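Here is the structure we will look at.
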Amino acid sequence: MNINYDKEFEKIKETINKENPPRLLLQACCAPCATACLLRLLDSFDITLYYANDNITDPAEWDKRLGELQKLVQIINNGEYEIRSLRPLNLIVQRHNPYRFFTAVRGLEQEKEGGARCTRCFALRLGDAKAYAEQNGYDFFGTTLTVSPYKNSQLLNEIGSSLQTPTLQWLMSDFKKRGGYNESIRLSTKYGLYRQHYCGCAFSKLQITEGQLH
Ligand code: SF4
């Protein structure tokens, strides 16, 4: 069944009491994707970004994307972003272990981006976010990944929904809707954030399409 996840997201937002915002753990792949998602979230949730990305197999690239995310958090917490955050924005970093990714996608190395390798990759990262959120008493967990036109939002939401529990709700979203991806490009340019040319794993780097930006 085709669900409009953007509408579901808006329905969830309508139920929120901003005096007592729910705690959201937001799995964040990179700063550019986070920009546009946060524009729709900062006024409603108490947010922790969760940098859990073992799929970024090159340690230097993993470091670089983390540095940009830290820069974005600082911009927001300094009150220099387009909207004010209800609460200070937090950032938690999961220790980098690309071997977990290589193990998860073993046998699928030759898949094209968007194929079965990516399904495993999504499950790994959303599973990590769910585990951390559950252990630390969050109300919601979600992801910035749905802002990318290269990512299947239906699949991401199906995986996330399958992981939720009675006390931890999956935040349905389709952030690419309503111009979300273009917003991420505009905001990344405005705040001088590095935008990568490939998704993250060594295999996606080998398959870069000319002129492609993630
Ligand atoms: S292309 Fe991106 S989503 Fe797919 S496996 Fe590689 S890092 Fe993960």
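The values are calculated or read from the model by the stated rules, or taken from the named source; none is laboratory data. All of these numbers come straight from a predicted model, not from anything done at the bench. Here the Cβ is made from the backbone with ideal geometry for all residues, glycine too, and neighbour counts use every protein chain on show.
Here is how the numbers come out for the structure above:
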item: Number of positions in segment 136-174 that are in a loop (DSSP other than H, G, I, E, B) and farther than 24 Å from N20 by Cα; result: 6
item: One residue from F101, F45 being in contact with a Cys (Cβ under 7 Å, 6 or more places away or on another chain) and modelled with pLDDT of 95 or more; result: F101
item: Residue in segment 147-168 that is over 17 Å from A129 (Cβ atoms) and touching a Ser or Thr at 6+ places or on another chain (Cβ under 7 Å) present; result: no
item: Hits in segment 35-49 (condition: surrounded by 24 or more Cβ atoms within 10 Å (Cβ to Cβ) and either within 16 Å of the ligand (Cβ to nearest atom) or polar (S, T, N, Q) (or both)); result: T35
item: Residue match in segment 164-174 (condition: within 16 Å of the ligand (Cβ to nearest atom) and either in contact with a Pro (Cβ under 7 Å, 6 or more places away or on another chain) or among the charged types (D, E, K, R) (or both)); result: no
item: Among residues of segment 175-214, those that are of a type in the set (G, A, S), modelled with pLDDT of 95 or more and not in a helix (DSSP H, G or I), counted; result: 2
item: Filter result for R95 (more than 13 Å from the ligand (Cβ to nearest atom) and basic (K, R)); result: yes
item: Unique match (being in a loop (DSSP other than H, G, I, E, B), modelled with pLDDT of 95 or more and either out of contact with any helix residue (DSSP H, G or I) (no Cβ under 7 Å at 6 or more places or on another chain) or not aromatic (F, W, Y) (or both)) among R87, R117; result: R87
item: Hits in segment 119-150 - residues which are within 14 Å of the ligand (Cβ to nearest atom), of a type outside the set (S, T, Y) and touching a residue at least 60 places away in the same chain (Cβ under 8 Å); result: C121, L124, R125, L126, D128, L145, V147
item: Enumeration of residues in segment 25-83 that are more than 20 Å from C121 (Cβ to Cβ) and assigned to a loop (DSSP other than H, G, I, E, B); result: L42, D43, S44, F45, N78, G79, E80, Y81, E82, I83
item: Of the criteria (1) buried (at least 20 other Cβ atoms within 10 Å of the Cβ); (2) more than 16 Å from the chain's Cα centre (by Cα), which one L206 fails; result: (1)
item: Residue check for I75: β-branched (V, I, T), under 21 Å from K130 (Cβ atoms) and away from the ligand (no atom under 16 Å from the Cβ); result: no
